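Student: Before we start, here is the structure in question, set down as C-alpha cells.
Just so you know, all these numbers are worked out from the coordinates, no wet-lab data involved. Computed from a predicted model, the values in this text were never measured in an experiment. Note that each Cβ is placed from the backbone with ideal geometry, even for glycine, and that neighbours are counted across all protein chains shown.
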Amino acid sequence: MTQVVVLDDYQDVASEYADWSSLGADVHVRFDHEHHTDADELVALLSGADVVVAMRERTPFPAELLDRLPGLRLLVTTGTKNASIDLTAARERGITVCGTGQLATAAAEHTWALLLSALRHVPTEDALLRAGGWQATVGGDLAGRTLGVVGLGRLGSRVARVARAFDMRVIAWSQNLATEAAAEQGVERVDKDTLFATADIVTLHLRLSDRTLGIVGERELGLMKPNALLVNTSRGPLVDEDALVAALESGRLGAAALDVYGVEPLPADHPLRRAPRTVLTPHVGYVTEGSYTAYFTGAVEDIRAWLDGAPVRVLGD
C-alpha cells in the first residue's frame, strides 16, 4: 500500500479538487488540515509516507527534516517552484521532487482586490454598515494617480495592464528591468528612489532572494508620500515589518494592504494585526478554484506517473 499525505489543507477542500480515487485501491491518501511547525510533530505525521504533497511553501523541507523521513520517495509541491525545499538534499537522498501546473492570474487579481479595498475603505464601511452606521470615510481615486510596480514580471505586468485601464500612470523598477522592456508594457522605467517618492500606490511583485530580502525598509517607507498605499501580495520578507508598523502607527504612511507575512500563519499577537489603516488577508492571493484545480489535479497526475514509472515534472535548483 502506497501512503500519500497531503499537507496544509487549511480549508479541508483538497479532496474535492481532484479525483484521488483514480490513483487506485493500492494508494491510501490522508489529508491533513493543520499547519505543523514542530519538527517532531511533523515527522510523526509523515512517518510511513511514501509520497507527500506540499502546498506551495507552507511547510519547509530542509535537509534535517528529510533525514528523518527515510521512507519518503516522492515530494510533490503545488506550483512550479518551492524555495522551502532543499532540492540538493532531496536528490542526495533519492527523493524525487516535482511540481504541478498553476494559474498566472490569481495573485494579480487579488492585488486589485486588496488595493481597491484599502483605497475605498471597504472593510471599515462594511463593518460600520453591519453595526447600523452609514458613511464614515472618504475614498481615494485611481484615475490620474501613479502606480509604482516593483517587479514588472509575469504578475507585475498583469497588474500594470489593469492600472492602465483605470487611466493610471504606471512606473516600474527592479534591479534588472530595462527601459525598453518597460516601454513595451506601456510603463515608464524609473529608479528605485523615484518610484517610492512619486507613486501614490506601490505594489510589490518580486521573488524573494538574498537581493530582495527587506527591499522595502525604513528608508523606502520614508520616501513614500504620507497618504501613499503599499500593497504586497508577493512575499512577506520583502518588507521590513517593524519599519512598516512604525510608519503606520506614526502616520508617515497612508495605508498598507497585505496578503503575505514574514511568519505564516501570522501570529495572533503580531503587531500588524493591530496596525492602523491596514487591509489584511491570510495569504489567499493564489487560493482560487482554478488554482486549486490546477494544483491538486496536477499532484494526482504526478503521483500516477511516478507510480507507473513515467516521467514527472522534476523541479530543478
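Student: Looking at the P(r) of the stretch 106-280, how many percent of alpha-carbon pairs lie beyond 24 Å?
Tutor: Within the stretch 106-280, distances greater than 24 Å cover 32 percent of Cα pairs.
Student: Here is a follow-up. If you line up the long axis of helix 289-308 against the longest principal axis of the chain, both from Cα atoms, how many degrees apart are they, to the nearest 10?
Tutor: Its long axis makes an angle of about 30 degrees.
Student: Taking neighbour counts of Cβ atoms within 10 Å as a proxy for exposure, in what order, fewest first, do Trp112, Trp173 appear?
Tutor: By the 10 Å Cβ count, ascending, the order reads Trp112, Trp173.
Student: I've got another one for you. If you take the charge dipole of the chain about its Cα centre, with +1 on Lys and Arg Cβ and -1 on Asp and Glu Cβ, which of Gly101, Leu45, Ala256 is farthest toward its positive end?
Tutor: Ala256
Student: Considering the options Val13, Thr111, Ile85, tell which one lies farthest towards the positive end of the dipole of the chain, charges being +1 on Lys and Arg and -1 on Asp and Glu at the Cβ, about the Cα centre.
Tutor: Checking the options against the dipole of the chain, the answer is Thr111.
Student: Please identify which residues in the stretch 134-150 have an amide N closer than 14 Å to a label point set 7 Å out from the Cα of Arg277, following the Cα→Cβ vector.
Tutor: Zone members listed by number: 138-141.
Student: Please compute the modelled spin-label separation between Glu180 and Ser21, points set 7 Å along Cα→Cβ, answer in nm with one decimal.
Tutor: The two pseudo-label positions are separated by 5.7 nm.
Student: Through the Karplus equation 6.51 cos²θ - 1.76 cosθ + 1.60, θ set to phi - 60°, convert the phi angles of the stretch 188-197 into ³J(HN,Hα) values in whole Hz; use x for Gly and Pro.
Tutor: 8, 7, 10, 7, 4, 5, 4, 4, 5, 7
Student: Taking loop as defined by DSSP and a crowding limit of 15 other beta carbons within 10 Å, which GluC sites (Glu not before Pro) in the stretch 1-88 fit? Numbers along the way, then the final one.
Tutor: Values: sites: Glu16, Glu34, Glu41, Glu57, Glu64; in loops: Glu34, Glu57.
Counting only loop positions with at most 15 other Cβ atoms within 10 Å, the GluC sites (Glu not before Pro) in the stretch 1-88 are Glu34.
Student: Relative to the Cα centre, what is the charge dipole magnitude of the stretch 1-130, using +1 at the beta carbon of each Lys and Arg, -1 at the beta carbon of each Asp and Glu, and rounding to the nearest 20 debye? Display every interim value, and only then the final one.
Tutor: Numbers: 10 positive and 20 negative charges, 82 e Å.
For this selection, approximately 400 debye.
Student: Could I ask something else about it? Does anyone have the angle between helix 241-250 and the longest principal axis of the chain? Alpha-carbon axes, 0 to 90°, nearest 10?
Tutor: For 241-250 against the chain, the angle is about 30 degrees.
Student: Between Arg219 and His33, what length comes free when the chain is fully extended (0.36 nm per residue of separation minus the Cα-Cα distance, one decimal in nm)?
Tutor: 63.0 nm
Student: To continue, here is another question. Which value in nm describes the separation of the simple spin-label points at Thr124 and Val43, placed 7 Å from the Cα toward the beta carbon?
Tutor: Distance between label points: 5.0 nm.
Student: With θ set to phi - 60°, apply the Karplus curve 6.51 cos²θ - 1.76 cosθ + 1.60 along the stretch 92-105 and write out the HN-Hα couplings as whole Hz, x wherever there is a Gly or Pro.
Tutor: Result, ordered by residue: 5, 9, x, 9, 7, 10, 9, x, 10, x, 7, 8, 9, 9 Hz.
Student: Let's see if you can work this out: charge +1 on each Lys and Arg Cβ, -1 on each Asp and Glu Cβ, no other charges. What is the dipole magnitude of the chain about its Cα centre, in debye to the nearest 20?
Tutor: Working: 29 positive and 43 negative charges, 213 e Å.
Around 1020 debye, computed over the chain.
Student: Using +1 at the Cβ of each Lys and Arg and -1 at the Cβ of each Asp and Glu in the chain, identify which of Ser291, Val239, Gly144 lies farthest towards the dipole's positive end.
Tutor: In the chain, that residue is Gly144.
Student: What does the convex hull of the Cα atoms of the chain come to per residue, in Å³, rounded to a whole number?
Tutor: Each residue corresponds to 151 Å³ of Cα convex hull volume.
Student: Could I ask something else about it? To the nearest 500 deg cm²/dmol, what mean residue ellipticity at 222 nm is calculated for the chain from DSSP H runs of n ≥ 4 alone, each contributing -39,500 (n - 2.57), summed and divided by the residues?
Tutor: On the way: 11 runs with 103 residues, N = 317.
It lands at -9500 deg cm²/dmol.
Student: How much length would be gained if the chain were fully extended between Arg91 and Val263, taking 0.36 nm per residue of separation minus their Cα-Cα distance, in nm to one decimal?
Tutor: Values: separation 172, 0.36 × 172 = 61.92 nm, distance 2.75 nm.
Stretched out fully, the Arg91 to Val263 stretch lengthens by 59.2 nm.
Student: How far, in nm, would the chain grow between Asp67 and Arg211 when pulled straight, counting 0.36 nm per residue and subtracting the alpha carbon separation?
Tutor: 48.9 nm
Student: Run the numbers on the chain and let me know its relative contact order in percent, using alpha-carbon pairs under 8 Å that are six or more apart.
Tutor: Relative CO of the chain lands at 18 percent.
Student: While we're looking at this one, here's another question. Between the stretch 169-199 and the stretch 245-286, what is the separation of their alpha carbon centroids in Å?
Tutor: Each part's Cα centre sits 26 Å from the other's.
Student: Label points 7 Å out from Cα along the Cβ direction at Glu249 and Thr297: separation in nm?
Tutor: For Glu249 paired with Thr297, the spin-label model returns 4.7 nm.
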